[in-house]
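The values are calculated or read from the model by the stated rules, or taken from the named source; none is laboratory data. Remember, predicted model here, so these are calculated numbers, not experimental data. Every residue, glycine as well, gets a Cβ built from its backbone with ideal geometry; the counts of neighbours run over all protein chains shown. Side chains included, ligands, DNA and RNA excluded: accessible areas come from the protein's heavy atoms. Shrake-Rupley method; radii C 1.70, N 1.55, O 1.52, S 1.80 Å.
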Amino acid sequence: MKKMLSALLASLMLLSLAGCGGSSSAPAQSSPAPAQSAAASGDVSSDPKVTLVYAEVNPADTIVGQTAAHFKERVEELSGGSITIDVQYSGVLGSENDVLDAMLGGSTSIDMSRISAFALNSYGAQKSMLLSIPFTFENRQHFWNFANSDLAAEFLNEPQELGLPLRGIFYGEEGFRHFFTVDPISGIEDLAGMKLRVSNDPIMNGMVEGLGAAPTVVSFGELYSALQTGVVDGAEQPIANYKSNAFNEVANNLILDGHTLGAIQCVITDNAWAKLTPAQQEVIMQAGRDTQEFNAGLSENAENMVLDELKAAGCNVVEVADKSVWADACKTVIEENTKSQAELYQKILDLK
């Protein structure tokens, strides 16, 4: 009888754990919990096997590439092998916009993707737009104060609020974004009249115009040749992506203006989410919390190492001692794009 009661209690505990994992909203990304989940029950490994295709536009050796690899490792470990993450690197599944269009259009060929945190702007996401405002985050710690706050969970859940078939899993960052150019530059005044590559984002367009340059839309996959042939005079990227994509070969001048932080998020389609059991869904969220912590430890060290390598290779790296001039040049685009959400934007600023 005691054995039967013990077995019954164990079964009830398992059912309780599974039920807790079925929440439809993204949990707060506060300090990551210990690396245990529904997988610890021994139940998840026997759940139906699922393979999720994860799109990453950058190479595997970048900060975001390594972040994807860590997420894959944690999901497969915590799920006991019932979930496989198939990471497709280097944009083989298309540009970030192509991937998002496919996911939002109901395609079942891509289940997950790492996207820029503000990539959903053009799909009606107003909250995430605030993360792309120039000179919002003073430093990395300011960003991580946001990413580990209850406010971040509200931002991650925005696609669900809008009725988009996506949900956010975790935040990360790939370093501050800086401009790089074909011809040498020493300050903001040298950008005047330059054709600078943008991704057709209104805020980025306004920022480039504020700096006195001409925004020029070029897809990321065509950027190298556009720099090489003079279609554009420069562009902007986080330092690690700049080097990994060999942009220094054709635009060897990097000015460290740090106009925006390269905030990222991982998203999963509702179709893919529905293929998972409640316990497997909790595995995905736990792996996301672990990966967010991993990314926080990786990004700054990796970026510093890459910057040293660029300098050693002869890249003309220009420091910016006073960024207030740059921020002032972007004042119009900052005010125009935050006034409708002034209170929410102030909450982000107050987290510094």
Scan region 176-204 residue by residue and report those that are open to solvent by less than 10 Å² (accessible area, probe 1.4 Å) and either acidic (Asp, Glu) or more than 14 Å from residue 255 (Cα to Cα) (or both). 198, 203
Residues that are out of contact with any Leu (no Cβ under 9 Å at 6 or more places or on another chain): list the strands (runs of 3 or more DSSP E) wholly contained in region 191-241 that include at least 2 such residues. 195-198
Out of the residues in region 225-240 that are more than 22 Å from residue 202 (Cα to Cα) and touching a residue at least 60 places away in the same chain (Cβ under 8 Å), state the one that is surrounded by the most Cβ atoms within 10 Å (Cβ to Cβ). 239
Could you list, in sequence order, the residues of region 171-190 that are in a loop (DSSP other than H, G, I, E, B) and of a type outside the set (S, T, N, Q)? 182, 183, 184, 185, 187
Considering every residue within region 288-297, establish whether at least one is at pLDDT below 95 and surrounded by fewer than 15 Cβ atoms within 10 Å (Cβ to Cβ). yes
Hits in region 44-71 (condition: assigned to a helix (DSSP H, G or I), open to solvent by less than 10 Å² (accessible area, probe 1.4 Å) and of a type in the set (A, V, I, L, M, F, W, C)): 44, 63, 64, 68, 71
Which residue pairs have Cβ atoms under 6 Å apart, sit 6 or more places apart or on different chains, and have a first residue in region 109-130 that is touching a residue at least 12 places away in the same chain (Cβ under 8 Å) and crowded, with 22+ Cβ neighbours inside 10 Å and a second that is of a type in the set (D, E, K, R) and not in a helix (DSSP H, G or I)? 114/56
Need pairs with beta-carbon distance below 8 Å; first residue in contact (Cβ under 8 Å) with a residue 24 or more places away in the chain and within region 205-224, second surrounded by 19 or more Cβ atoms within 10 Å (Cβ to Cβ) and among the basic types (Lys, Arg); sequence gap 6+ or separate chains. 223/197
Over region 259-276, the set of residues surrounded by fewer than 20 Cβ atoms within 10 Å (Cβ to Cβ) and either modelled with pLDDT under 95 or not in a helix (DSSP H, G or I) (or both) is 275
Criterion first (modelled with pLDDT of 95 or more, buried (at least 17 other Cβ atoms within 10 Å of the Cβ) and part of a helix (DSSP H, G or I)) does residue 74 satisfy it? yes
Determine which member of the set 309, 282, 300 is crowded, with 20+ Cβ neighbours inside 10 Å and either more than 23 Å from residue 220 (Cβ to Cβ) or out of contact with any Cys (no Cβ under 7 Å at 6 or more places or on another chain) (or both). 282
